[in-house]
Amino acid sequence: MASKILNQALIPVFLVPTIVFLASLVMSPSYQRITVLFLIYAGLSLSWIVIFKMGYVSLGSAAFYGAGAYIFVYLTKWYPSLPYSLDVLLPIPIIAFIAIVVGYATMRLAGIFFIFATFASAEALRQIFLYSEINYTGFVGKVITKPLPTIETLGLLCILLMFAGLLFYTTTIPKFRIVIDYIREDEELAKVAGVNTLKYKIAFFTIASVIQGLVGSIAAWYLAYIDPDLVFNPMISIQVLVIGLLGGSGNILGSIIASGLLVYLSEQLIRIASQLYLIVLGISVILVAKFMKGGFSGFIDKVWEVWELRNRKTEGGR
């Protein structure tokens, strides 16, 4: 029975990105570009949820997104003979090292202190790259000479979304779910029970950060231009946080639905008035916090429970 439930939980991890990719093939170029943005935020927010499930609210998504973008671009400049497909993967150990350092320094903190620490890490990286741009290259911004085509970008981001989904799925496995619940509810009790909580926190934080960094690498390859203010923009971290809270942590569909609604809504409303988008975003957060405390994933779980209950009653009536 348990294996059946786990298998059912694993199906959306592969099915949803596949459906998104196949659907994007028949879209117009303009909607394909919007779908790229949707997949970027879906990957970032689904990775963010893993950290949130441990009870930590991170504002450092932009740090790893921007680091991945810049490391990729520097590799293309320093080693022009290497294929870009390899340059996308080479930042992984560097991002992992940055994540371990940041995680070790920040995950001993809690509450608002952790929030400010992760925000500060993103701002620190922005200033470091901005300083190096001004003092060593003489200008701000980097250009990619061979940008990634849209269809290939959609494919890579869908594959990355699968990996983010697998990471989320890992947190539902009983062994890790118990540890994560311990960390979120009573970390001191977990330590008394002999659980090395810091090890698990840094491990999940590092893997989530690596995925966010890879999203940044692919985004940089696709956009063909980056600068510190673009890829380390605090609004990236804030939007990831909002998507994560709207989506909830119950299942992967919540974050994906929230990402889709937020991105497609923003693209439509920004054309009319950028202020209108922020107003609608604020109202949406208030409504979800008021009426759907578990976010979209909590709503999906409730619908699923009602559907299963009706099926059982129908089968019992027979």
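The values are calculated or read from the model by the stated rules, or taken from the named source; none is laboratory data. This structure is a prediction, so every number in the text was calculated from the model and none was measured. So basically every Cβ, Gly included, is an ideal-geometry build from the backbone, and we count neighbours across all protein chains shown.
Here are the numbers for the structure shown:
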| read-out | value |
| --- | --- |
| Subset of the range 88-105 (residues that are free of Cβ contacts under 8 Å to residues at least 24 places away in the same chain and over 23 Å from Y222 (Cα atoms)) | F97, V101, A105 |
| Search result, residues across the range 197-211 that are within 20 Å of the chain's Cα centre (by Cα) and hydrophobic (A, V, I, L, M, F, W, C) | I202, A203, F204, F205, I207, A208, V210, I211 |
| Test: residue in the range 11-30 that is crowded, with 24+ Cβ neighbours inside 10 Å and either not polar (S, T, N, Q) or not in a helix (DSSP H, G or I) (or both) | yes |
| Odd one out for L82, checked against (1) of a type outside the set (G, A, S); (2) more than 15 Å from the chain's Cα centre (by Cα); (3) part of a helix (DSSP H, G or I) | (3) |
| Filter result for the condition that a residue is under 15 Å from F205 (Cβ atoms), of a type in the set (V, I, T), modelled with pLDDT of 90 or more and touching a Phe, Trp or Tyr at 6+ places or on another chain (Cβ under 7 Å), over I95, I100 | I95 |
| Subset of the range 163-196 (residues that are assigned to a helix (DSSP H, G or I), surrounded by 14 or more Cβ atoms within 10 Å (Cβ to Cβ) and more than 19 Å from the chain's Cα centre (by Cα)) | F176, V179, D181, Y182, I183, R184, E187, A190, K191 |
| Verdict on Y277 being among the aromatic types (F, W, Y) and at pLDDT 85 or above | no |
| Selection count where residues are of a type in the set (F, W, Y) and within 23 Å of F114 (Cβ to Cβ), scope the range 168-226 | 6 |
| Close pairs (7 angstrom Cβ cut-off, 6 or more residues apart or separate chains): over 28 Å from Y169 (Cα atoms) in the range 253-277, in a helix (DSSP H, G or I) and at pLDDT 85 or above anywhere | E267/I34 |
| Residues within the range 26-59 that are of a type in the set (G, A, S), modelled with pLDDT of 90 or more and under 17 Å from I236 (Cα atoms), tallied | 4 |
| In the range 125-142, residue nearest to the chain's Cα centre (by Cα) [restricted to those that are free of Cβ contacts under 8 Å to residues at least 24 places away in the same chain and either surrounded by 13 or more Cβ atoms within 10 Å (Cβ to Cβ) or not in a helix (DSSP H, G or I) (or both)] | I128 |
| All positions within the range 55-70 that are surrounded by 24 or more Cβ atoms within 10 Å (Cβ to Cβ) and of a type in the set (A, V, I, L, M, F, W, C) | A62, A63, F64, A67, A69 |
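For (1) under 13 Å from the mean Cα position of the chain (by Cα); (2) farther than 17 Å from I151 by Cα; (3) among the small types (G, A, S), each residue gets a yes or a no:
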{"residue": "M27", "(1), (2), (3)": "no, no, no"}
{"residue": "S30", "(1), (2), (3)": "no, no, yes"}
{"residue": "L39", "(1), (2), (3)": "yes, no, no"}
{"residue": "F52", "(1), (2), (3)": "yes, yes, no"}
{"residue": "S61", "(1), (2), (3)": "yes, yes, yes"}
{"residue": "F64", "(1), (2), (3)": "yes, yes, no"}
{"residue": "F72", "(1), (2), (3)": "no, yes, no"}
